[in-house]
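Worksheet: one structure, shown below.
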Amino acid sequence: LVPRLYRELDPGSYLGSLRCPVFFLHGAYDDLIPPRESLELHRQIPNSYVLISPFLTHTHPYDKELAFRQKAQAVFKTVVFCRQFARVMR
């Protein structure tokens with residue numbers, strides 16, 4: 001049952017036919033679904049955008065201390081992602 005259900009839920013055959021912009025937000029340290037899942041979908045979907053951020057989590061608050069440089073890079077990437085989103089939504 002489970003393998004059949006997963007096949008039915010797999011969007012793989014439809015990814016190339018998407019015509020609307022798709023935005024992925026994913027936690028860099030997500031302990032439930034690895035960020036590579038969103039990166040792989042982003043790779044397969046034309047006109048998609050992805051943000052992998054250390055500020056996002058999936059199941060519980062993330063308590064890893066980030067260096068200033070990591071925080072600055074994450075903020076910059078978030079601003080760029082939000083700008084892309086705003087441009088598409090015009």
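The values are calculated or read from the model by the stated rules, or taken from the named source; none is laboratory data. Please read all numbers here as calculations on a predicted model, not as lab measurements. Note that each Cβ is placed from the backbone with ideal geometry, even for glycine, and that neighbours are counted across all protein chains shown. With ligands, DNA and RNA removed, areas are computed over all heavy atoms of the protein, side chains included. Shrake-Rupley method; radii C 1.70, N 1.55, O 1.52, S 1.80 Å.
See the values below:
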| read-out | value |
| --- | --- |
| Total charge dipole magnitude, the chain, about the Cα centre, Cβ charges on Lys, Arg, Asp, Glu only, Debye to nearest 20 | 500 debye |
| Label-to-label distance, nm, for residues given as ALA72 and ASP10 (7 Å Cα→Cβ offset) | 4.4 nm |
| Distance between modelled label sites at CYS20 and HIS60, nm, 7 Å Cα→Cβ extension | 3.5 nm |
| For PHE23, residues with placed amide H under 5 Å, excluding near neighbours | TYR49 |
| Formal net charge of residues neighbouring THR57 (Cβ-Cβ distance under 11 Å; K, R +1; D, E -1) | -2 |
| Calculated over the chain: convex hull of Cα atoms, volume per residue (Å³) | 111 Å³ |
| GluC sites (Glu not before Pro) lying in DSSP loop within segment 32-77, provided at most 12 other Cβ fall within 10 Å | GLU65 |
| For THR57, solvent-accessible area (1.4 Å; no DNA, RNA or ligand), Å² | 60 Å² |
